[in-house]
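Beneath this line is the structure, given in structure tokens, with notes to follow.
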Amino acid sequence: MIDSPLGRLKLIASDKGLAAVLWENDDPRRVRLSPLEPDPDNGFLKETERQLKAYFNGKLKKFTVPLDFKGTDFQKSVWAALLTIPFGETRSYGEIAKQIGRPDASRAVGAANGRNPIAIIAPCHRVLGTSGKLTGFAAGLEAKDELLKLEGRDPLLGLAGQGRRKEQNQSRWIIQ
């Protein structure tokens with residue numbers, strides 16, 4: 001467990017890479033991982049902790065720790081798409097569905113997003129509803145809003161400014 005501005009985070013790694021970043025009070029049914037042996041000397045855990053601290057201090061915009069996703073092929077395709085969302089930008093569930101070649105699967109994308117085992121690093125917090133509103137997040141909407149603020153979302157908007165988001169491949173703000 002490591003401390004963060006959003007509470008304690010549980011880091012889990014395999015011998016291939018980081019397998020999970022879980023919230024302190026995460027529902028154990030949300031992310032199912034096979035039992036792993038505790039190894040405080042795991043280099044992936046140490047590197048993840050270093051990178052997360054740099055991210056929360058505003059000094060890191062792109063994580064480089066190797067990841068070891070455990071899930072279905074569909075879930076893995078959604079989680080891989082999350083990794084393509086640049087720091088400070090957002091996408092809708094529908095945009096992710098189109099990106100993975102399943103344009104009618106925005107609800108399934110939402111379900112896979114909700115089961116993302118590697119929170120923050122695979123940035124599920126950057127996915128919003130089609131209208132630009134904050135929707136579901138394992139750590140709560142306030143935590144999602146705080147992560148977006150950390151990445152440059154207008155802090156004056158807070159949860160009341162849910163209708164604003166950066167449009168893909170554009171630098172201007174739009175109201176939806």
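Quick notes
- All of 67, 60, 18, 9 fail the test of being open to solvent by 40 Å² or more (accessible area, probe 1.4 Å), closer than 23 Å to residue 137 by Cβ and touching a helix residue (DSSP H, G or I) at 6+ places or on another chain (Cβ under 9 Å), apart from 67.
- Residues satisfying the stated conditions in the range 115-152, i.e. of a type outside the set (S, T, N, Q), more than 26 Å from residue 60 (Cβ to Cβ) and open to solvent by 30 Å² or more (accessible area, probe 1.4 Å): 133
- Only residues that are open to solvent by 30 Å² or more (accessible area, probe 1.4 Å) and touching a residue at least 40 places away in the same chain (Cβ under 8 Å) were counted across the range 94-114, and they come to 2.
- Entry remark, the range 120-176: residues being modelled with pLDDT under 50 and within 13 Å of the chain's Cα centre (by Cα) number 0 in total.
- Scanning the range 43-57 for residues that are of a type in the set (S, T, N, Q) and surrounded by fewer than 16 Cβ atoms within 10 Å (Cβ to Cβ) turns up just one, 57.
- Of all residues in the range 72-93, those that are surrounded by 19 or more Cβ atoms within 10 Å (Cβ to Cβ) and basic (Lys, Arg) total 1.
- Per this entry, residue 44 is counted among residues that are of a type outside the set (D, E, K, R), touching a strand residue (DSSP E or B) at 6+ places or on another chain (Cβ under 9 Å) and part of a helix (DSSP H, G or I).
- Helices (runs of 4 or more DSSP H) completely within the range 57-134 that count 1 or more residues being of a type in the set (Phe, Trp, Tyr): 73-82, 93-99
- Test: residue 21 is among the hydrophobic types (A, V, I, L, M, F, W, C) and assigned to a loop (DSSP other than H, G, I, E, B): no
The values are calculated or read from the model by the stated rules, or taken from the named source; none is laboratory data. All of these numbers come straight from a predicted model, not from anything done at the bench. Here the Cβ is made from the backbone with ideal geometry for all residues, glycine too, and neighbour counts use every protein chain on show. Accessible surface areas use protein heavy atoms only, side chains included; no ligands, DNA or RNA. Shrake-Rupley method; radii C 1.70, N 1.55, O 1.52, S 1.80 Å.
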